[in-house]
Structure formats: structure tokens, C-alpha cells
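Trainee: The following block contains the structure, expressed as C-alpha cells.
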Amino acid sequence: MPLSAALRITRLSASRYHGWCRDEAGCDLDDQPSCPRVVPTRLTPSEVETVREMVESDDHRHMSLRALALHAQRIGKVLASPSTWYRMIRTEGWRRPRIRLYPAKPKIGIRAKTLGELLHLDVTIIRLLDGTRAYLHGVIDNYSRRILAWRLEERLGSGGTCHILREAVVQLQDYPEQTIVIADSGSENVNGAVDDLLDGEELTRVLAQVEITFSNSMIEAFWRSLKHGWLYLHALDSLAGLRRLIEFYVRAHNEVTPHSAFEGQTPDEMFFGTGDEVTQNLSAVRRSAREERMRANRAARCGVYIREASSGALGLRATRPCWSIGIGGFAMTP
């Protein structure tokens, strides 16, 4: 009877049958994860060593891993697919000599010391299912990470920028007189209408990566979270539906979602100063939960030992044979 027919009758897959055969075969090669005779298509030890040398070599660190695998095929060293290289590097833990030296990667961007000191202004493009574009303007406070104002427009222009700046200024009336607005050099931000508004409201505009070395990454990070964390989970078929989705996410960002930079406080709590007790309460609750967890774990019994009192003393009796470790090795205790 053919093997395929026997496997079909016994309802066994070929992979399981051959896996059993490999387990039964065994191998005397301690340095091999599986027997080469059972898996003849695997790389030889010399090929594995060649892969390791090329991965850890300084001569090839400018190549991507896929390009390096194809380069090894071209020069005839290792004829293996890039997926095999990825798997071997992951299992063996090899590291490529690609430590960054210059320039130093920035860790912390520009930060404000008070509310309203720095505002980030930007616009992002959102495509609907029918191919039309929607332009979302937004302004975020650097200190509290609160979205002060946003507006969805069908066309790109200065109208949306002026509208959200006016809304932001209304919310910052009780805060520092000098407010710096960080924006890029797009036409929607640099024009006569915006210049007149900035002069009238006594706002100072600074162009990111032009007049200062910092980028406008804070508002751009919010755009990325908005799109990939919420908008792209829905079918964006209309401008009205898109506006409802943005309204929900902005409200959740400001009022509900705790920010990791504030140890549990929301942007609204930071902006209005109502979340001073949040971090203290969370710290106390975490300590209480840790103590309760320790008490519950210490009171748990695994069933191996049962405490019983006899002759006025507390003893231990094992419910099944258990092994004790001694200097000479292991011994079974009845």
C-alpha cells in the first residue's frame, strides 16, 4: 500500500508522520539541532559558519540583510534564501556591527515649561474611498499634549489655519503672554492672512527645521496615532463620517486616554490642573495591589504538602513521592 493511502486511511498528516520518524531516528551529533540525514535540505555546518561570518563582518554592514543574502548567492558562497538568513539570525542571536556613532540620536524633543508656551500647528491629508482628499488642521499644546482645536477642510488654504489659531487663543487667555507657534513652511501656514492673525494676537511663529533645529514631531505623532490607531480601522466613505470619527478620537485623547509622560494623567487634567492626585492615588493602589498579591500567593497551597498538627507540633506530610536534592545528587523521599 502506498504511504499516502495509509496516511489517508489512518487520518494522519504527512508532516506528523515524518515528524515521528525524525524523533525515532535520533542522532549522535550533539552540535546539530536535527539529524542531517533526516533533514538533508538543511544547511551544512560550513554554510552556517559562512553565514555567521558574513553577518558579523564589517565588510558587509552597509548591505541590508536581504541584499546580503542575494550577494552571497551571486558570489557562490551560500545559496540560501533571505528567509533562511532571517531565521538563522533570529535563532542564533547574531548581531550585525551597525552601532550608530554620528549623529547622536535625539532622545527628547523641544519641551515647554508652562501651559501655552509652545503650540504645534500642522495639517495632514486624509484620502477617502472615492479618492477625494480631506485636509485636517490641528494645533496641540506642547506642555499638556492637549488638542486645542482642529478643523476638517475640503481644500487646503489659510482658512483652516486661521480658524484653529483663533480657537486656541481663546483657550489660552489666562496663560503666558508670549506664545510660540511651531509650524512648517507650507503655504497654508506662511501667508498674509496668517501673518495678520499672528500680529493681532501677539503670537510668534517659528518654522520647524528652518528657524529652529527641532521638528514638528509632536503634532505629527498625533496624526500617526489618529490614522493608524483609529481612522484606518473604518471605511472612510464620506466627509461627515470622517468628521465624526475625528471628533470621537480627539475627545478620547483629551479626556479619557492617559498619557505615559504624565504617569496616568490625561491631557485635559494637565491642561486644567485637575489631576494632581491621580499619580498619588495610582501609586498607592499599586502598592496595595502588590501587598494583596503577595498575601494571596503566600497563602496558596500546591497540594504537594499538607500541614497537619501532631503531638503539639506542626509537621509536613507528602501526598506523593517527591525528590530531594542533596550534595551527592537526587534522592527519592517516600
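Read the figures in this text as sums done on the coordinates, not as results from a lab. From a predicted model like this one, the values you see are computed outputs, not experimental measurements. Virtual Cβ from ideal backbone geometry, glycine too; neighbours counted across all protein chains shown.
Trainee: Which FRET efficiency value, to the nearest 0.05, is calculated for R52 and E24 with the Förster distance at 35 angstrom and r the Cβ-Cβ distance?
Mentor: About 0.65, to the nearest 0.05.
Trainee: Sticking with this structure for a sec: Could you tell me which GluC sites (Glu not before Pro) in the stretch 84-162 are loop residues by DSSP with no more than 11 other beta carbons within 10 angstrom of their beta carbon?
Mentor: E154
Trainee: Below 8 Å between Cα atoms, with a sequence gap of 6+, how large is the relative contact order for the stretch 72-177 in percent?
Mentor: 18 percent
Trainee: In terms of modelled amide H atoms, which long-range or inter-chain residues lie less than 5 Å from the amide H of D122?
Mentor: So D122 has HN proximity to G138.
Trainee: Near the amide H of R61, under 5 Å away, which other amide H atoms are found, from residues 5 or more places off or on another chain, if H is placed in the peptide plane?
Mentor: none
Trainee: On to the next question. Could you pull out the trypsin sites (Lys or Arg not before Pro) across the stretch 70-126 that fall in loop regions by DSSP (anything but H, G, I, E, B) with no more than 13 other Cβ atoms inside 10 Å?
Mentor: Hits after loop and neighbour filter: R95, R98, R100, K107, R111, K113.
Trainee: I want the antiparallel fraction of DSSP beta bridges within the chain, as a percent rounded to 5.
Mentor: About 75 percent, rounded to the nearest 5.
Trainee: Could you list the GluC sites (Glu not before Pro) in the stretch 173-238 that lie in coil according to DSSP, counting only those with at most 15 other Cβ atoms within 10 Å of their Cβ?
Mentor: Within the stretch 173-238, the qualifying GluC sites (Glu not before Pro) (loop, at most 15 other Cβ atoms within 10 Å) are E177, E202, E211.
Trainee: Moving on to the next point. Among I182, A221, S83, whose Cα lies farthest out toward the positive end of the dipole of the chain, if unit charges sit on the beta carbon of Lys, Arg (+1) and Asp, Glu (-1)?
Mentor: Result: S83.
Trainee: While we're looking at this one, here's another question. Springs between alpha-carbon pairs under 10 angstrom, Gaussian network model over the chain: which of A14, A112, A193 fluctuates most?
Mentor: A14
Trainee: Looking at (1) 21.2; (2) 20.5; (3) 27.8, which value of Kirkwood radius over Cα pairs in Å comes from a calculation on the structure shown?
Mentor: So the structure-derived entry is (3).
Trainee: Toward the positive end of the charge dipole of the chain, about the Cα centre and with charges on Cβ (Lys, Arg +1; Asp, Glu -1), which of M1, I164, L282 goes farthest?
Mentor: Looking along the dipole axis, the top candidate is M1.
Trainee: What nm distance separates the two modelled labels at A193 and Q171, each placed 7 Å from Cα along Cα→Cβ?
Mentor: Distance between the two pseudo-spin positions: 2.2 nm.
Trainee: Moving on to the next point. What percent does the relative contact order of the stretch 169-223 come to when contacts are Cα pairs within less than 8 Å and at least six residues apart?
Mentor: In percent, rounded to a whole number, it is 39.
Trainee: Residue farthest toward the positive end of the dipole of the chain, with Cβ of Lys/Arg at +1 and Asp/Glu at -1: which of A14, G264, L128?
Mentor: Among A14, G264, L128, the one farthest towards the positive end of the dipole of the chain is A14.
Trainee: Say R0 is 45 Å: what FRET efficiency, to the nearest 0.05, do A299 and I99 get from their beta-carbon distance?
Mentor: Computed FRET efficiency for A299 and I99 comes out at 0.35.
Trainee: Hey, what did the chain get for relative contact order, percent, Cα under 8 Å, at least 6 apart?
Mentor: 9 percent
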